[in-house]
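The values are calculated or read from the model by the stated rules, or taken from the named source; none is laboratory data. Bear in mind the structure is a predicted one, so any value in this text is a computation, not a measurement. Cβ placement follows ideal geometry from the backbone for every residue including glycine, while neighbour counts extend to all protein chains displayed. Ligands, DNA and RNA are stripped out before the accessible areas are found, and what is left, the full protein with its side chains, is counted by its heavy atoms. Shrake-Rupley method; radii C 1.70, N 1.55, O 1.52, S 1.80 Å.
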Amino acid sequence: GVIYAWRTSSRILEPLGTLEKSMRSWRNWKTQAPLDPTLFEGAPKEVSSLAISFREMEERLATLGERLENLALTDSLTQVGNRRLFDQALQQEWKRLQRVNRPLSLLMIDVDHFKTYNDTYGHPAGDDCLVKVSRAAAASVGQRATDLIARVGGEEFAALLPTCSRRGAFQAGEHLRA
């Protein structure tokens with residue numbers, strides 16, 4: 001009886017305890033280490049099957065979490081960053097560049113007479129205009145990997161240009177305006 005109970009404990013309860021501990025610790029899909037399936041070698045196939053199912057669930061949740069984060073940080077119309085992403089990036093870059101004493105440039109882009117255009121040609125044309133402005137901004141200003149183009153208001157965009165000098169930002173703005 002005692003040997004059977006110990007064998008049952010080591011083959012079933014310990015792997016289930018490991019699985020439960022892993023499940024309870026799974027809080028952040030970005031930093032959580034994936035479940036190591038080798039921990040369940042020698043366990044009954046039902047326990048191994050649970051571990052495999054949990055691993056698949058982890059992978060699916062991580063994929064969905066990444067998609068959700070992307071949706072939460074992207075403007076659905078223009079497909080550039082949204083205000084939330086801009087606010088996060090501005091705060092992060094401001095702190096980072098202060099530490100290394102480097103410039104941070106910001107261009108605010110407002111579409112002139114957009115309300116009149118939208119009222120005259122209709123909302124679909126206005127939406128198309130905003131998409132074209134965002135693409136032009138990304139093509140002419142957001143060239144570097146660290147640059148960010150974001151829609152921060154109805155017809156307002158921001159270009160965050162880390163380590164770009166005042167002169168460089170002025171030239172980028174003039175290039176975009178042209």
Note: among 173, 154, 168, just one is touching a residue at least 60 places away in the same chain (Cβ under 8 Å), surrounded by fewer than 15 Cβ atoms within 10 Å (Cβ to Cβ), on the phi < 0 side of the Ramachandran plot and not polar (S, T, N, Q), namely 168
In the set 137, 145, the lone residue that is open to solvent by 30 Å² or more (accessible area, probe 1.4 Å) and either of a type in the set (A, V, I, L, M, F, W, C) or touching a Cys at 6+ places or on another chain (Cβ under 8 Å) (or both) is 145
Q | Condition met for residue 91 (under 21 Å from the mean Cα position of the chain (by Cα) and open to solvent by 50 Å² or more (accessible area, probe 1.4 Å)) | A | yes
In the set 38, 78, 116, the lone residue that is in contact with a strand residue (DSSP E or B) (Cβ under 8 Å, 6 or more places away or on another chain) and of a type in the set (Ser, Thr, Tyr) is 78
Restricting attention to region 49-77, the residues that are under 23 Å from residue 108 (Cβ atoms) and touching a residue at least 24 places away in the same chain (Cβ under 8 Å) number exactly 2
(message) Regarding region 111-125, can at least one residue be identified that is surrounded by 11 or more Cβ atoms within 10 Å (Cβ to Cβ) and within 22 Å of residue 170 (Cβ to Cβ)?
(response) yes
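Among the candidates 80, 100, single out the residue that is in contact (Cβ under 8 Å) with a residue 40 or more places away in the chain and β-branched (Val, Ile, Thr).
Residue meeting the stated conditions: 80.
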Scanning region 39-71 for residues that are assigned to a helix (DSSP H, G or I), more than 30 Å from residue 83 (Cα to Cα) and open to solvent by 70 Å² or more (accessible area, probe 1.4 Å) gives 39, 45, 46, 50, 52, 55, 56, 57
